[in-house]
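> The following block contains the structure, expressed as structure tokens.
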Amino acid sequence: MSGNPKDRPAEAEDPFQMFAGGVAGDSALMLDCLVEEYSRMGYGADEILELFESPEFLATHALRGLFGAEATRDRVHAVLSRCRVLRVRTSALPPENPFPCRGS
């Protein structure tokens, strides 16, 4: 039986906790992609940088540790200057006649 949790039966004492691990790849590209993704969710530079500072966000925090605070900040601003932040505002107008079936 393999060591992969999906391939073995659940055990009574299994804590069902998620475990993160690193993967090989281009860390700079990962940082750029994460910044782009958060910007498309409406996060601005300050909000994105908070994610890189918080140890609760493993990927972004690890990237900040790899590149350093200043380089991370510079890269976040560079990515946002290229792709901007998506902001959406919705509003609903009341109908002209809210009761159209009542003998208007």
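The values are calculated or read from the model by the stated rules, or taken from the named source; none is laboratory data. Since this is a predicted model, take the numbers as computed values, not measurements. Quick reminder, even Gly has a Cβ in these numbers, built from the backbone with ideal geometry, and neighbours come from all protein chains shown.
Listed here are the residues, each with its yes/no results for (1) surrounded by fewer than 14 Cβ atoms within 10 Å (Cβ to Cβ); (2) among the hydrophobic types (A, V, I, L, M, F, W, C); (3) part of a helix (DSSP H, G or I).
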{"residue": "Val35", "(1), (2), (3)": "no, yes, yes"}
{"residue": "Gly42", "(1), (2), (3)": "yes, no, no"}
{"residue": "Glu50", "(1), (2), (3)": "yes, no, yes"}
{"residue": "Leu86", "(1), (2), (3)": "yes, yes, no"}
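> Which of (1) of a type in the set (Gly, Ala, Ser); (2) over 23 Å from Arg89 (Cβ atoms); (3) assigned to a helix (DSSP H, G or I); (4) at pLDDT below 95 does Gly25 not meet, given it meets every other one?
If we test Gly25 against (1) of a type in the set (Gly, Ala, Ser); (2) over 23 Å from Arg89 (Cβ atoms); (3) assigned to a helix (DSSP H, G or I); (4) at pLDDT below 95, just (3) comes out false.
> Restricting attention to segment 74-84, which residues are part of a helix (DSSP H, G or I) and exposed (fewer than 15 other Cβ atoms within 10 Å of the Cβ)?
If the condition is that a residue be part of a helix (DSSP H, G or I) and exposed (fewer than 15 other Cβ atoms within 10 Å of the Cβ), then Asp74, His77, Ala78, Ser81, Arg82, Cys83 are the ones that fit.
> Ala71 versus (1) in a helix (DSSP H, G or I); (2) within 30 Å of Asn4 (Cβ to Cβ): which is the lone unmet condition?
(2)
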